[in-house]
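Provided herewith is a single structure, encoded as structure tokens, for subsequent inquiry.
The values are calculated or read from the model by the stated rules, or taken from the named source; none is laboratory data. It should be emphasised that the depicted structure is a prediction, and the values quoted were computed from it without experimental measurement. Positions of Cβ are backbone-derived with ideal geometry, glycine not excepted, and every protein chain shown enters the neighbour counts. Ligands, DNA and RNA are stripped out before the accessible areas are found, and what is left, the full protein with its side chains, is counted by its heavy atoms. Shrake-Rupley method; radii C 1.70, N 1.55, O 1.52, S 1.80 Å.
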Amino acid sequence: MLFYLCTFFICEASTSINSLSVHTSHLSTTHTYSCITKHAHSQGYQFSGPIQISLESSDALSIGLLAVSSESVTGSVTWAGVLDVNGQRHVLRRGRTVLGRGTDADITVNDSSISRKHVEIIWDGSRAQANDLGSTNGSLLMRKHKVQVWLINTGWSGGSIEMGASRVTFHLVPQAAGHS
């Protein structure tokens, strides 16, 4: 079973009336959440579970200081396979997903240089395989001209598919499955 950490951030500010009013005008749960997620993104970190924030006052802090601490709890996680297709994200369902310009494709791509049914992705819940479906112009799978390739069998996330002028990127995204 895979696990994630749910992170609880505790932000404390001085209880001084003047200090607290200054802090609360600049410090809100929404603002703090935004700062935490921006910092995590800039460091290449992705939270695999929820974030909770508590704003508290403290007599132990000097005016103008803010203390931040965190705690974590463990829960289980499942992984979702997603495709980013020309800037749009699509969550894969288990089984076969066909990409192409045709209206009968599962994911329709607006690109006249690709076939109506160009590539299929087979997703089993932990691995993805890309197969070119005999397209006229071919596909670059993991940057090579191949007919079939595993996108994840060696732990490689960010598998790429190029078809025509379109670029498709495969990612694994953690989904919280509940607390344990």
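Considering only the stretch 139-149, state which residues are exposed (fewer than 14 other Cβ atoms within 10 Å of the Cβ) and either in contact with a strand residue (DSSP E or B) (Cβ under 7 Å, 6 or more places away or on another chain) or among the charged types (D, E, K, R) (or both).
143, 144, 147, 148 - these are the residues of the stretch 139-149 that are exposed (fewer than 14 other Cβ atoms within 10 Å of the Cβ) and either in contact with a strand residue (DSSP E or B) (Cβ under 7 Å, 6 or more places away or on another chain) or among the charged types (D, E, K, R) (or both).
Something else about it: Considering every residue within the stretch 6-24, establish whether at least one is at pLDDT 80 or above and either hydroxyl-bearing (Ser, Thr, Tyr) or assigned to a strand (DSSP E or B) (or both).
So far as the stretch 6-24 goes, no, none of its residues is at pLDDT 80 or above and either hydroxyl-bearing (Ser, Thr, Tyr) or assigned to a strand (DSSP E or B) (or both).
Residue by residue, here is whether (1) open to solvent by 60 Å² or more (accessible area, probe 1.4 Å); (2) out of contact with any strand residue (DSSP E or B) (no Cβ under 8 Å at 6 or more places or on another chain); (3) without any contact (Cβ under 8 Å) to a residue 12 or more places away in the chain; (4) part of a loop (DSSP other than H, G, I, E, B) holds:
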residue	(1), (2), (3), (4)
89	yes, no, yes, no
93	yes, no, no, yes
99	no, no, no, no
114	no, no, no, yes
129	no, no, no, no
137	yes, no, no, yes
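Let me ask something else. Could you list, in sequence order, all residues of the stretch 158-175 that are small (Gly, Ala, Ser) and more than 18 Å from the chain's Cα centre (by Cα)?
Answer for the stretch 158-175, where residues must be small (Gly, Ala, Ser) and more than 18 Å from the chain's Cα centre (by Cα): 164, 165, 166.
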